[in-house]
Amino acid sequence: MALARRLERLGTETAFAVSRAANEWGAQGHRIHPFHLGDIDLPTPGVVTEAMTKAIADGHTGYCPGAGILPLREALADDTNARRGTLYTPDNVVVQPGGKPVITKFLQAVMDEGRRVLYPNPGFPIYESQIEYLGGTAVPYRYLPTDTGFALDLDQIRSLITDRTIAIIYNDLQNPTSAESTQTEREAIAQLAIEHNLWVLSDEAYFETRYAGTSRSIASIEGMAARTVILYTFSKKFAMTGWRLGAAIAPRDVAAVMATMNTNNESCTTHFIQYAGVAGLRGDQSEVRQILGILQGRRDAAYEVLASTKGVHLTKPESTFYLFPDVTDAMALKGIDDVNDFATAALRATGVSFCTRAHFGRSQPGETRDYARFAYSGVPAAGVTQGLTLFKEWIEG
């Protein structure tokens, strides 16, 4: 029997495909240095796990409101306002089983079939997947390499907006490039959204995964809270990737629609896990700071080796837990033309597994350089140095 034709438009998170290849190589007895998946190997803070255990003991194991329990919605509104200078209330907050559902429900709420949605490319592959699966037209916009990292190609973005454009997905503190917008870029995107009456999905998954400076949200710019949905996730800050807890912070009319979608899709986010989220936001932050300090040490270790590797070019980002070096010249040193062949050769020669630019959306016209993404969130600092030193020696050998 035939399956639905729309499945032909459904993509996936391609980092998991790299994970399968690494696991298969490891199953043959080879040592793997896993830089491919943005998971975190650090324990969730005790204040969070203890609150979950208590919530189960207290009987919070049944259904709860589709929008989420009020204590968590209050805590999220308070935390968002304190860090972003906004004025949200619990009515703006819809709890989700992770950050990913926010992408799908945002698109379901604002995008009719055939409408255009701009999204970052390279970028999180689920953007493209869900736009196309839901019948929209996925329109990629690019980043330009600079001496200090990657910058939005604002001229290209302006040229891509038509009367069929309904929304732009904006990932400040970006995966995979670690790009952070300047305030000028942020205001330019806001101006385009206001001028063309666009919705904005502001993916702020890494808002607090930063090692210097202060994060800022496009939602805090005048006129933007009314047209912006913030994607919030507990996964990064609290090392809760497998807990599946996140939220949409949205205008009230959009929040109400997303709450109804929750009722249709999941009924509710796991009840007792929401109490763990409250404890994470309201409780002691010392273990959260420790997580960030450990990630910074890994960032420094990874950068030190890669920056000294012949043919590898990169800048040192102050946010996320990724490095996205240009490996074009390193590939030439190894006599390899295809970046995925380069990744396979590196895995088999060194055990170092990583994603490439090809895993983050279809290449755009005019791209002439090749990039690789190294996620250091799941590798201890000593392992970071050991694995990337093997990678360096392989390239330079």
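The values are calculated or read from the model by the stated rules, or taken from the named source; none is laboratory data. Please read all numbers here as calculations on a predicted model, not as lab measurements. Cβ coordinates were reconstructed from backbone atoms using ideal geometry, including for glycine residues, and neighbour counts include every protein chain displayed. Just so you know, the surface numbers come from the protein's heavy atoms only, side chains and all, with ligands and any DNA or RNA stripped out. Shrake-Rupley method; radii C 1.70, N 1.55, O 1.52, S 1.80 Å.
Assorted remarks:
- Test for Leu152: is it open to solvent by 30 Å² or more (accessible area, probe 1.4 Å) and of a type in the set (A, V, I, L, M, F, W, C): no
- Hey, Asp58 surrounded by 14 or more Cβ atoms within 10 Å (Cβ to Cβ) and at pLDDT 95 or above or not: no
- Scope region 213-271; condition of a type in the set (Lys, Arg), under 27 Å from His60 (Cβ atoms) and outside any helix (DSSP H, G or I); matching residues: Lys236, Lys237, Arg244
- Criterion: closer than 21 Å to Ser235 by Cα and hydroxyl-bearing (Ser, Thr, Tyr) - qualifying residue of Ser308, Ser377, Ser363, Ser353: Ser377
- Top-ranked residue in region 217-253 [being open to solvent by 10 Å² or more (accessible area, probe 1.4 Å) and of a type in the set (Val, Ile, Thr); ranked as nearest to Ala82 (Cα to Cα)]: Ile221
- Within region 103-147, strands (runs of 3 or more DSSP E) holding 3 or more residues that are out of contact with any Pro (no Cβ under 6 Å at 6 or more places or on another chain) and under 16 Å from Tyr170 (Cα atoms): 116-120, 137-141
- Selection within region 148-171: residues that are modelled with pLDDT of 95 or more and assigned to a loop (DSSP other than H, G, I, E, B). The member of this set that is nearest to Gly366 (Cα to Cα) is Asp153.
- A count restricted to region 9-48 and to residues that are touching a helix residue (DSSP H, G or I) at 6+ places or on another chain (Cβ under 9 Å) and not in a loop (DSSP other than H, G, I, E, B) stands at 12.
- Looking at Ile40, Ile56, just one residue is more than 22 Å from the chain's Cα centre (by Cα) and among the hydrophobic types (A, V, I, L, M, F, W, C), and that residue is Ile56.
- Near pairs, Cβ below 8 angstrom, 6+ apart or cross-chain, from region 251-266 (farther than 9 Å from Gly66 by Cβ) to any residue that is among the hydroxyl-bearing types (Ser, Thr, Tyr): Pro251/Thr228
- When Leu314 is tested against (1) out of contact with any Ser or Thr (no Cβ under 8 Å at 6 or more places or on another chain); (2) among the aliphatic types (A, V, I, L, M); (3) touching a residue at least 60 places away in the same chain (Cβ under 8 Å); (4) surrounded by 20 or more Cβ atoms within 10 Å (Cβ to Cβ), just one condition goes unmet, and that condition is (3).
- Residues that are of a type in the set (Gly, Ala, Ser), open to solvent by less than 10 Å² (accessible area, probe 1.4 Å) and under 20 Å from Arg158 (Cβ atoms), drawn from region 97-143: Gly123
- Test: residue in region 185-206 that is basic (Lys, Arg) and open to solvent by 40 Å² or more (accessible area, probe 1.4 Å): no
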